[in-house]
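Derivation of every value follows stated rules applied to the coordinates shown; laboratory data play no part. Predicted model only: the values in this text are computed from it and were never measured. As a convention, Cβ positions derive from the backbone with ideal geometry for all residues, glycine included, and neighbour counts pool all protein chains shown.
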Amino acid sequence: MTVLAVSNLAKRYRRGGKPFAAVDEVSFEIGPAETLALAGPSGSGKSTIAKLVLRLIEPDAGRIDFEGGDFLALSGGSLRARRARLQMVFQDPLAAFNPRATVARVLDDPLRIHAIASRAERPLRIAALLERVGLETNLATRAIHEISGGQRQRVAIARAIATRPSLIVLDEAVSALDVSVRGQILELLLDLQRQERIAYLFISHDLGVIRAIAHRVVILDAGKIAESGDARTVIANPQSAVGKALVAATPKLVRTSQEAS
Amino acid sequence: MTVLLSIRDLAVRYQRDGVEVAALKGVSLDVLAGERLAIIGESGSGKSTLALAIAGLLAKSALVDGTIEWPPGQLQPSRFFAPPSVLPDISPARGEISSSAGGFPPATPEIGESDRDGSISPLVGEMSGRTEGGAVEHRRSNVRGELPRLGRDIGFVFQDPSSSLDPVMPIGRQIAEVVHTHLHLTWRDAYAKAKTLLERVRLPDPEATLRCYPHQLSGGQKQRVAIAAAIAAGPKLLIADEATSALDTIVQAEVVTLIRGLVAEDGMTLLFISHDIALAASLADRIAVLRHGELIELGQTDQIINAPRQSYTRALLDAHLGLDAKPLLDRKGASA
Ligand SMILES: Nc1ncnc2c1ncn2[C@@H]1O[C@H](COP(=O)(O)OP(=O)(O)O)[C@@H](O)[C@H]1O
Ligand SMILES: Nc1ncnc2c1ncn2[C@@H]1O[C@H](COP(=O)(O)OP(=O)(O)O)[C@@H](O)[C@H]1O
Ligand SMILES: [Mg+2]
Ligand SMILES: [Mg+2]
């Protein structure tokens, strides 16, 4: 069973007047509670794939099946209903939200839009969501711009899980965070995945992060899949030129004595 | 080893909405001539504040205590240097600040800058300390010894190369201006030197790149141009503040290799600022760890990585997700 199946996806843009394929014949599947990572150099098409899957942009060719149905065929009310099951978290939550909005407001929106809870129920739901992502419930009244980057990313995750999705697309969601906060957010994502069986399409340029959290990885190069497979196997022994270059370029911490870890 | 610059009890406070933020607290540190020193720490720990203080680029409203001393003989001798005691009290050359930021002259020179060759250098303390009132003398005392000149004695590379490049000026002109300003070459020679610099930072087709505008280049290429401008005048000290953080892994590795090579070839001292301890360790001879504005640990890279004295340093090391670390997926039992 798959949550998401993408086949022969293509998206063309123009560069300097000439058409080029930002995404070229890309196919992959993600199962329930599975994390598939997309890796690749900048410009390799990762974010374009994320936007295609979220239907923020339309493909030039290819098929997207989500929860067993043709996702590209949906429109209007049926698309809106299905969208509740497919959420997203981006790198910069400040850019995603109105910075002056309160945390409660940000979490109220999906509950209201997708009619998940009545007006009377929503404050309780919001408190439960905050607790679920490890935040104090009194954070609800704070403005988005007043809280720390790590707290904001937790709010973004709370918002994403508010509609009980089967898939969350995360585009460089932990890239801007400090290492200690990043570890906590990754733990939270794993925890949510185990408890709620959420699948992740996890985009990152950082192979260390991918190796820590992803089951499988797809490595992209200029819009095409260069190689794919079990995340640790691919990273331990990359076959493609771009896979080898990514592994070689990842900074290594050579510790001779490791009492702590 | 010779000391290039000595920082003693440096404290920097910012005022924001009437609230004071202590960005640096009593930092003392010697930067050795010719070394590659990394400054690491989490966001907000004061890394950029330290870099800006050394370069004389702090916001005017910043309150600075302590000293930054440049022992004699470490800077380029210059016929244009007035002894500190006779420095006229000119208004801070703001254009020079932003220009020096990337090593570029301003698009529109301000009054007092026409005679740039002979103008007073932007002083570390002067820039950081100049306030509306009469605090100038106090601030100036933050810098002792010879006075470094940004762009000529110090090259600065920022995280975002666009912030230091003029979008409407050809690349060649921007680099040639640095050369012309600081090395007093003719324009023809300055352009020739600009081309050599573009070759040194390994840009393909330097001749064509001279005529390019910044928007025609990729992020990695722009950062190479910013590096070319930063080293154009042959500075003693190169400061790179998260200079590779916005680049992808492969381009980051290329730019780090480039910086390593340039620093070695020119015998520059490198201050490499990064939140990434593994990246810092791959380049630095010594690593300084900042936390909440305090310098909590300083040592040889090998000691910091393998025998950190502070538990915080150890925590930073343990939080690093390397390609050999045990995946989080395994730490808590399997799923899927
Ligand atoms: N709206 C657009 N118009 C034109 N080109 C685009 C657009 N969006 C992305 N591209 C181009 O498509 C390629 C892939 O971009 P992207 O998917 O953002 O890469 P990544 O996320 O891997 O860095 C790049 O060359 C980018 O410049
Ligand atoms: N211009 C400024 N005005 C007010 N506060 C500032 C300013 N620049 C930095 N700060 C504050 O000073 C502290 C240190 O910042 P910074 O030196 O930029 O740290 P880092 O580079 O390690 O992230 C932070 O709390 C930051 O918010
Ligand atoms: Mg992207
Ligand atoms: Mg900084």
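Okay, here's what the table says:
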| quantity | calculated |
| --- | --- |
| Value of Rg to Rh for chain A (Rh from inverse mean 1/r over Cα pairs, i.e. Kirkwood) | 0.98 |
| Sparsely packed trypsin sites (Lys or Arg not before Pro) within segment A:34-87, loop by DSSP, other Cβ within 10 Å at most 11 | none |
| DSSP bridge pairs, the protein assembly as shown: antiparallel proportion in percent, nearest 5 | 55 percent |
| Residue exposure sequence - B:187, B:70 - by fewest surrounding Cβ within 10 Å | B:187, B:70 |
| Residue (of A:133, A:156, A:114) at the positive-pole extreme of segment A:97-164, dipole from beta-carbon charges | A:114 |
| Unit charges on C-beta of K, R, D, E only; dipole of segment A:97-164, Debye | 140 debye |
| Burial order of peptide ranges B:277-286, A:236-245, B:263-272, B:46-55 (average beta-carbon count within 10 Å, highest first) | B:46-55, B:277-286, B:263-272, A:236-245 |
| Long-range HN-HN contacts of residue B:157 with modeled amide H, under 5 Å | B:239, B:240, B:241 |
| Percent RCO, i.e. relative contact order, over chain A, from Cα pairs under 8 Å lying at least 6 residues apart | 26 percent |
| Shielding by other protein chains, A:242-253, mean Cβ within 10 Å | 6 |
| Number of partner chain Cβ atoms within 10 Å, mean per residue of B:298-309 | 2 |
| The protein assembly as shown - mean residue ellipticity at 222 nm from DSSP helices (-39,500 (n - 2.57) per run, n ≥ 4, rounded to 500) | -10000 deg cm²/dmol |
| Neighbouring partner chain Cβ atoms per residue of B:247-255, average, 10 Å criterion | 6 |
| Residue pairs, from the table A:244/B:326; A:11/B:222; B:195/B:236; A:224/A:244; A:252/B:47, whose Cα atoms sit over 19 Å apart | A:244/B:326; A:11/B:222; B:195/B:236; A:252/B:47 |
| Kirkwood Rh in Å, taken over all unlike Cα pairs in the protein assembly as shown | 26.1 Å |
| Three-way shape label, segment B:175-266, alpha-carbon gyration tensor, a/c 1.5 | oblate |
| Cα pair distances exceeding 17 angstrom across segment A:97-164, given as percent | 30 percent |
| Under the Karplus curve 6.51 cos²θ - 1.76 cosθ + 1.60, θ = phi - 60°, whole-Hz ³J(HN,Hα) for segment A:223-229, x wherever Gly or Pro sits | x, 10, 6, 7, 6, 8, x |
| Which of A:1, A:88 has the fewest Cβ neighbours within 10 Å, and the rest in rising order | A:1, A:88 |
| Taking B:156, A:66 and counting other C-beta atoms within 10 Å, the order from fewest to most | A:66, B:156 |
| Gyration tensor verdict on segment B:198-336 (Cα atoms; rounded if a/c is under 1.5, prolate if a/b is larger than b/c, oblate otherwise) | oblate |
| Cβ crowding within 10 Å averaged over residues, with B:29-39, B:198-208 ranked highest first | B:29-39, B:198-208 |
| Spacing of the two label points (7 Å from each Cα toward its C-beta) at residue B:183 and residue A:187, in nm | 5.3 nm |
